[in-house]
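What follows is calculated from the coordinates using simple rules that are stated; it is not laboratory data. The structure displayed is predicted, hence computed values, not measured ones. Cβ atoms come from the backbone with ideal geometry, glycine included; neighbour counts cover every protein chain shown.
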Amino acid sequence: MQIKKLPWKRLSFILLSALFLLSGCDTSNIAVLNPKGPVAQKQYDLIVYSFWLMMIILVVVMGLFIFMVFKYREKRLAADYVPPDHHGNKWLEIIWTAIPIVIIIAVAIPTIKANYALEKVPKGYEDKKPIIINVTSADWKWIFSYPDQNIETVNYVNIPAGRPVKFQLTSAGTMASFWVPELGGQKYTMPNHSMELILLADKPGSYQGRNSNFNGEGFAHMDFEVLSQSQKDFDKWVKDVKGSAPKLTKKDYNKILKPGLVGRMTYTGTHLAWVSTPHQHNVMKVKDNSQHEHNMDGMDMDNMDMSDHKH
């Protein structure tokens, strides 16, 4: 049997084309590979570690594959040749059973350590008090409430650089995913439930946030800006908002919650005055006009137009 020659010219062309295409990739444009804070940096380090571990495994596996292909390739032997019968090797079986266990341990230990570390204020910033920002996702926009500053914004959030930010996440609609790739990983926003995400930008800059969980027709446009400012500029922004922005009313909030796309909005006051979130009381409750308390399964319907929107 004549062995066909490999199309080396065609294979070389494919490999070179792939090389040229990859050489045009600028990793600085890939947000996940462009960390701008200690949280994102820790996750970036974990990605790089996992990548090189997988590359080592790939090289070993491909090397064994090529070796086996050449060693046991078809040879010009007699037609009645029967290869010798080989029995199992105890030590080889132990080795190839142990290798996957070692790989899993090598991946699991740094991943678990990183995940636990990300639930705390980043190392080196423990002496700085985190700023609290309540995040409420709705169809299809993001609502940011600053309880200490008494400000509410829609589709953008300003934060001070070099200071931990504790985002407390919930949803007033479908489940979404809060993600700012350059600052850290994502966490889900869910109705009747609160998630906490600690992020930090180590220097001023503008970072794109987005929803990474498909939740309907407006999903592709459900993004927001995170503007990291110096503490001085952040304090000035808070002062300017309090001096010029309109006061948030229940009617305004009701309009914002209706499914659809909206632009950026800025208000003084927050909806937290009349909508209790899970991280405030574990279970959302609301008082009606007669001051009787009702458990609404996490949602505040008081003074809302239910014919237009089911919150």
Practice task
Please give the net charge around P110, taking every other residue with its beta carbon less than 13 angstrom from that of P110, where Lys and Arg add +1 and Asp and Glu add -1.
Solution key: +1
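Quick one: length gained pulling V69 to I132 fully straight, 0.36 nm per residue minus the C-alpha distance?
On the way: separation 63, 0.36 × 63 = 22.68 nm, distance 5.98 nm.
Length gained between V69 and I132: 16.7 nm.
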Fill in the blank from the handout: In order over region 141-149: 3J(HN,Hα) from phi, Karplus 6.51/-1.76/1.60, θ = phi - 60°, whole Hz, x for each Gly or Pro, gives 7, 10, 10, 10, 10, 9, x, 6, 8
Completion exercise
Placing each pseudo-label 7 Å from Cα in the direction of the beta carbon, K258 and V32 end up separated by a distance in nanometres of 3.8 nm
Exercise for the section: Note the full-extension length gain between M55 and E217 as 0.36 nm times their separation in residues minus their Cα-Cα distance, in nm to one decimal. Expected result: 54.5 nm
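Assuming a ≥ b ≥ c are the square roots of the Cα gyration tensor eigenvalues, decide whether region 89-151 counts as rounded (a/c under 1.5), prolate (otherwise, with a/b larger than b/c) or oblate.
Because a/c hits 1.5 or more and a/b fails to exceed b/c, region 89-151 counts as oblate.
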